Amino acid sequence: MVKVLTIDDSVFMRTVIRDMLSKDPSIEVVGTASNGIDGLEKIQSLKPDVVTLDIEMPKMNGLDLLRELQKVRVRPKVLMLSSLTSKDAEATVEAIRLGADDFMLKPKDLPHVRDIGDELVAKVKHLMTLAAPRVVKRTDGPGGAAGRVVLIGSSAGGPPMLDTLLAALPADLPAGIIVTQHMPTGFTAALAERFNRIAPLPVKETENGDIVETGKVLLSKAGVHTVVSGVISDNGSRSGRIVHTSAPPLHGVRPAVDKTFESAAHVYGNHCLSVILSGMGNDAGAGAQAVKEAGGVSILCDEKDCLVYGMARSAIQHNAVDKVLPLNKLAAEIERVVLQMED
């Protein structure tokens, strides 16, 4: 049984969150609190496994509560609930830096709040599977402009899968990695910050002009397309550079996986590997096809491990799939394929 404490200044949100979580028999909502001060006291008395935490609250807000929790040796997992505003996006990045374990986004319209019920339950359960944040001692590794690239695309249901996959990749993988995850503008910085605590490889949100480097993970910035352009490195080999473009959304999203996959396939050719995780819609199918046509390899995660299989199904419809594997076997296959790529 997972014990949950909900901290939110809105009576409506506290009630709705309790109702949504209580529908799962493996979750018990042990209490609620209306501000950070009340929340801290109940964390000490109720000893919850997970806390759902609002950002803006009277007396003590969510960020100040996280600062107080840093002084506590044993603390619960913390799931931030963020509104879709630029202010909340910045606060969510800070919350992750202060030790929050994950975040999820609340709908703009209150009548649709209950639509996040399944995701909320899944997030709470997923948090219990994560090990405590570790201090990763990273070396510079091989570094330098990458001559091989791994492209990962995902959407709805993708972040928990990315937790598992990025954590399992070897720190000495001789390739650069670009992850394109559909997400509202402003929130990929927080996601990159969170992945950076989990993965043995360093993770950062893309910036215009970034070089795709060996042993590093770039997370496509939300609100722009991440396009890979060709660049010649100091040793004369061909590599990739990130170019952000504000071209119209593709498949209704920006960044679009297709934009990243297609441009990277043009640059890397048969030194390119694409991996498609959970996601709805048709994004990624044409991109996977471009990777295949360029001589690269295309892998899908098995449907049983995906919340939604639309993106993967699009790749199947494009006849652009080399292999379908369960989530727990993807990291080993990525390493195998990368090591077989000839320099």
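Just so you know, all these numbers are worked out from the coordinates, no wet-lab data involved. These numbers were taken from a predicted model, which means no experiment stands behind them. Positions of Cβ are generated from backbone atoms using ideal geometry, with glycine treated the same way; all protein chains shown enter the neighbour counts.
Around Val291, what is the net charge, scoring Lys/Arg as +1 and Asp/Glu as -1 over all other residues with Cβ under 12 Å from its Cβ?
Working: positive: Lys292; negative: Asp258, Glu262, Glu293, Asp322.
Combined, the nearby Lys, Arg, Asp and Glu give -3.
Which FRET efficiency, nearest 0.05, do Asp172 and Ser86 yield, Cβ-Cβ r, R0 30 Å?
0.20
Given the chain, what percent of its DSSP beta bridges are antiparallel, to the nearest 5?
Around 20 percent antiparallel, to the nearest 5.
Taking every pair of Cα atoms in segment 2-127, average 1/r, invert it to obtain the Kirkwood radius, and report Rg/Rh to two decimals. Let's see the in-between values first.
Working: Rg = 13.1 Å, Rh = 14.2 Å.
Ratio of gyration radius to Kirkwood radius: 0.92.
Met128 to Glu293: extension gain in nm, 0.36 nm per residue of separation minus the Cα-Cα distance?
55.3 nm
What's the local net charge at Met128, with K and R +1, D and E -1, over the other residues with C-beta under 13 Å away?
Net local charge, Met128 excluded: -2.
For the pair Asn270 and Gln44, how long in nm is the line joining their label points, each one 7 Å along Cα→Cβ?
Each label point lies 7 Å from its Cα, and together they span 6.6 nm.
Taking the number of other C-beta atoms within 10 Å as the exposure measure, put Asp64, Asp118 in order starting with the fewest. Don't jump to the answer; show the numbers that get you there.
Numbers: Asp64 16, Asp118 13.
Ranking Asp64, Asp118 by Cβ neighbours within 10 Å, fewest first, gives Asp118, Asp64.
Build a GNM of the chain with springs between Cα atoms under 10 Å: which of Ser83, Ser274, Ser45 gets the top mean-square fluctuation?
Result: Ser45 has the largest fluctuation of those listed.
If you rank Asp115, Asp109, Asp102, Asp49 by fewest surrounding Cβ atoms within 10 Å, what's the result? Walk me through the numbers on the way to the answer.
Values: Asp115 11, Asp109 8, Asp102 22, Asp49 17.
With the fewest neighbours first, Asp115, Asp109, Asp102, Asp49 line up as Asp109, Asp115, Asp49, Asp102.
With r as the distance between the Cβ atoms of Arg238 and Asp24 and R0 = 56 Å, compute the FRET efficiency 1/(1 + (r/R0)^6) and round to 0.05. Working shown, then result.
Details: r = 50 Å, r/R0 = 0.90.
It comes to 0.65.
Could you list Leu218, Leu84 so that the one with the fewest beta carbons within 10 Å of its beta carbon is first and the one with the most is last?
Ascending Cβ contact count within 10 Å gives the list Leu84, Leu218.
What distance in nm separates the two pseudo spin-label positions at Glu207 and Glu333, each 7 Å out from Cα along the beta-carbon direction?
My value for the distance between the label points is 3.5 nm.
On a full-extension model of 0.36 nm per residue, what is the gain between Ser229 and Glu342, subtracting their alpha-carbon distance, rounded to one decimal in nm?
Answer, rounded to one decimal: 38.6 nm.
Relative to the longest principal Cα axis of the chain, at what angle does helix 117-127 sit, 0 to 90 degrees, rounded to 10?
Taking Cα atoms only, the helix is inclined about 80 degrees.
Grab the other residues whose beta carbon is less than 11 angstrom from that of Asn328, score K and R as +1, D and E as -1, and report the net.
Here the charged neighbours net out to -2.
Could you identify which residue out of Val227, Val78, Val121 has the top mean-square fluctuation in a GNM of the chain using Cα springs shorter than 10 Å?
Val121
How big is the gap, in Å, between the Cα center of segment 6-43 and the Cα center of segment 255-297?
Each part's Cα centre sits 42 Å from the other's.
Output ³J(HN,Hα) for segment 208-217: one whole-Hz value per residue in order, computed from phi by the Karplus curve 6.51 cos²θ - 1.76 cosθ + 1.60 with θ = phi - 60°, and x for Gly and Pro.
These are the phi-based 3J(HN,Hα) values: 4, x, 4, 8, 6, 10, 4, x, 9, 10 Hz.
Comparing Pro107, Pro25, Pro170, which has the greatest mean-square fluctuation in the GNM of the chain with Cα pairs linked when under 10 Å apart?
Pro25
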